[in-house]
Structures are given as structure tokens and as C-alpha cells.
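These notes are about the structure you will find just below.
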Ligand code: DC
């Protein structure tokens with residue numbers, strides 16, 4: 001039986017952590033679609049391809065092979081494990097711009113739909129409830145106050161990169177929020193039928209349990 005839980009929201013809204021808790025508790029597969037856009041951004045950086053050279057980027061898309069090992073939460077770019085590399089600040093800096101390119105989106109949307117077919121999946125991103133799976137069984141939009149989101153991201157990155165500064169993370173999120181909400185294709189927005197949850201003052205486990213109850217009710221029919 002296939003069952004699709006789609007979660008969208010801005011950076012630091014808690015969607016990655018919450019999607020993982022849901023997947024673990026319900027034995028669903030969790031797909032982080034942001035990681036896929038990050039792989040494309042990393043490929044451009046490693047191959048010295050200018051972010052403004054759209055034609056070159058499009059011509060290279062067939063050379064970008066992304067694989068997600070959901071069970072081990074590992075991300076592979078052309079067979080290299082890039083799970084940590086894609087979280088580095090240089091990738092975060094350009095990823096939103098990369099995700100504005102229509103051809104990049106079409107390639108990744110296709111991959112996302114293929115991975116999810118016939119499975120029980122929690123997929124999180126920016127356009128999952130609106131574009132990738134507008135008919136998902138459960139649609140959630142998570143949000144939180146800017147400063148709280150920046151603090152969550154900062155603490156997450158700090159575990160791996162001690163040199164990171166809170167102000168840099170905050171500024172990156174401000175720029176990405178703007179890009180993500182204003183882009184022509186796949187902009188971050190609330191789907192008409194999505195359930196909106198503000199996680200600013202909520203405990204992440206509580207939010208996950210709330211969504212799990214919604215899923216269980218839907219599954220019962
Ligand atoms: O979730 P994240 O911060 O790792 O996402 C990285 C970027 O990828 C984010 O700035 C927006 C983009 N993205 C997107 O455009 N569509 C998605 N479904 C997921 C992410």
C-alpha cells in the first residue's frame with residue numbers, strides 16, 4: 001500500500017527532524033528533497049561551473065547522478081558519499097539560486113516521484129504539497145519565527161563546523177527565505193488544503209506525535 005505524507009516549510013522549521021521521527025515511528029521512508037538540490041549545488045562548485053551560466057548547468061544535468069540511501073540517511077553524488085559536504089556553508093549559500101532553475105527542478109521532481117512510487121513515504125521540502133504531490137494523503141506546512149529557525153540551524157551546523165557564526169546562518173536564512181518564496185517555479189507557499197503548524201514554541205516530539213495522529217486517522221479511512 002502506498003501512502004504519502006508531504007511536508008513543506010522554510011529552513012529551520014523543523015521539517016527534517018519531524019519527518020525523521022514520523023518515519024521511524026511509522027516505518028515510513030523519509031526523503032529529504034533539499035539534499036537533492038544541495039547535491040546539484042555541490043556539483044557546480046566542484047566543477048567550477050558559474051551559477052549564472054544556466055545553459056552550461058542545463059547541459060551538465062545528465063552527468064549528475066543522485067542516490068539516497070534512506071535506511072542509513074546517506075546521500076551520494078556520482079557514487080561519492082556527500083552527506084556531510086552538502087551541509088557546508090558554501091553549498092547553503094548558492095543552493096536556493098540553483099533551485100530556481102526550472103530544468104533542475106524538473107529533473108529532481110521526476111526523481112522524487114520515482115523514489116516515492118508505491119511506498120509509504122514522508123517527503124519534505126518546499127514544493128512537495130503544491131507541485132510534487134499535490135494529492136498527497138497528508139499535507140503539512142511547518143513554520144517558525146525567523147530567529148528560532150536560525151538558532152536551530154546554527155546549532156545543527158555547529159556540531160560539524162565550530163567556526164560557524166550565528167549571524168552568518170541568520171543572514172543566509174533571510175536570503176534563502178526570500179529566494180525560496182519568490183522564485184518563479186516551485187516557490188515555497190502554503191497549499192490551500194495543508195495543515196499549518198507553527199513550531200516556534202512547540203516541542204518537536206509533540207509536533208511529530210500530532211502529525212502521526214493525523215496520519216493514523218487518514219490511514220483508517
Ligand atoms: O531544506 P534545505 O534547507 O536543505 O533546502 C536547500 C534548498 O533547496 C532551499 O534553499 C530551497 C531548495 N529546495 C527547493 O527549492 N525545493 C525543495 N523541494 C527542497 C529544497
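What follows draws every value from the coordinates through simple rules; no lab data is involved. These figures come from a predicted structure and were not determined experimentally. Positions of Cβ are generated from backbone atoms using ideal geometry, with glycine treated the same way; all protein chains shown enter the neighbour counts.
Shape index of the chain: Rg/Rh, with Rg the Cα radius of gyration and Rh the Kirkwood radius from the inverse mean 1/r over Cα pairs, equals 0.94.
Taking 60, 107, 162 in turn, the Gaussian network model of the chain (Cα-Cα springs below 10 Å) assigns the largest fluctuation to 162.
Enumerate the residues in region 165-209 having an amide nitrogen under 12 Å from the point lying 7 Å beyond the Cα of residue 151 toward its Cβ. Label zone hits: 200-202. Shape class of region 134-221 from the Cα gyration tensor (axes a ≥ b ≥ c, square roots of the eigenvalues): oblate, since a/c reaches 1.5 or more and a/b does not exceed b/c. Protection proxy ranking, highest mean first, for peptides 96-105, 146-155, 165-174: 96-105, 146-155, 165-174, where packing is the per-residue count of other beta-carbon atoms within 10 Å, averaged. Per the Debye calculation on region 171-221 with a single equal scatterer at every Cα and no solvent contribution, log₁₀ I(q)/I(0) for q = 0.14, 0.22, 0.26 Å⁻¹ amounts to -0.58, -0.95, -1.00.
For the pair residue 114 and residue 203, label points projected 7 Å from Cα toward Cβ lie 4.2 nm apart. With a ≥ b ≥ c taken as the square roots of the eigenvalues of the C-alpha gyration tensor of region 64-105, please select rounded if a/c is under 1.5 and otherwise prolate if a/b is larger than b/c or oblate if it is not? Taking the square roots of the gyration eigenvalues as a ≥ b ≥ c, region 64-105 is oblate. Here the calculated FRET efficiency for residue 171 and residue 103, from their Cβ-Cβ distance with R0 = 30 Å, stands at 0.60, rounded to the nearest 0.05. Highest mean first, the peptides 14-21, 48-55, 183-190 sorted by other C-beta atoms within 10 Å per residue fall in the order 14-21, 183-190, 48-55.
Sketch the reach of a paramagnetic label on residue 182 as a point 7 Å from Cα along Cα-to-Cβ, and name the residues of region 39-64 whose backbone nitrogen lies under 18 Å away. Taking a point 7 Å out along Cα→Cβ of residue 182, the residues of region 39-64 whose backbone N falls under 18 Å are 52.
Calculated on C-alpha atoms, the gyration radius of region 62-139 divided by its Kirkwood radius gives an Rg/Rh of 0.96.
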